[in-house]
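Everything below concerns the one structure shown next.
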Amino acid sequence: IHSVCFVSNHYHAIVTDSEGRISEFWEYFHKYVAKCINASLGRWENLWDNGAPSAVRLETQDAILAKIVYTLTNPVQAGLVKSGRKWPGLWGYKPGDTITVKRPEVFFRKNGPMPETATLTFVRPEAFQDVSNKTYAKMVEDAVHVEEMKIHAEIKQEGFGYLGLKGIM
């Protein structure tokens, strides 16, 4: 996984599927996320839209960087926070950064077969292997900053503001 941003009703993830198993992953991931969230909310209805997930092949550095920027600025574009970094949900891209989460206590059995923790470590896309992690991270940060400045100008021109963390929570 190269980049991810989860907002309240959808998510964006930039991934490399070197084994051609993304459909299998989506089936497993979407099923268990939906069951867990529904159990935590005391409901048993559809969580995800019935439509198929969208998969786009990104074949160039420019295409990959553009989608990573789109992913990381999604909560800014939606008027939720001024900076993607301030998003309180799952958000990340930096190679080597690791996120470890505990298995939720709802839905999953305490002694069941699911692991107690899951770990996600971000890696830079293969298309950027000719640059260091530090250089790649700077490229992403610079591009995100430029896009966020454009979004700020658009939102200001339209007379809107940002919901902010307090409003989101």
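The values are calculated or read from the model by the stated rules, or taken from the named source; none is laboratory data. This one's a predicted model, so the numbers in the text were calculated from it and none came from an experiment. Backbone-built Cβ (ideal geometry, glycine too); neighbour counts: all protein chains shown. For accessibility, only protein heavy atoms count, side chains too; no ligands or nucleic acids. Shrake-Rupley method; radii C 1.70, N 1.55, O 1.52, S 1.80 Å.
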Lysine pair count for the chain [Cα-Cα under 23 Å; pairs on different chains or 8 or more apart]: 29
Sequence of W48, W91 from largest to smallest accessible area, 1.4 Å probe: W48, W91
CD proxy at 222 nm, helix term only [per DSSP H run n ≥ 4: -39500 (n - 2.57); per residue of the chain; nearest 500]: -12500 deg cm²/dmol
Between segment 88-104 and segment 37-77, the Cα center-to-center distance that results, in Å: 15
Dipole of the chain, positive direction: furthest Cα of L41, G96, V140, with charges on the beta-carbon: L41
Average Cα contact separation per residue, the chain, under 8 Å, 6 or more apart, as relative contact order %: 29
Neighbourhood net charge (13 Å Cβ-Cβ; Lys/Arg +1, Asp/Glu -1) for E116: +3
Label-point separation in nm, T16 to S54, each point 7 Å along Cα→Cβ: 2.4
Kyte-Doolittle at least -1.0, axis length at least 24 Å by Cα - qualifying DSSP helices, the chain: 22-41, 133-157
Mean Cβ count within 10 Å, highest first, over the residues of peptides 109-121, 16-28: 16-28, 109-121
For segment 1-116, accessible area per residue (1.4 Å probe, heavy atoms of protein chains only), Å²: 67
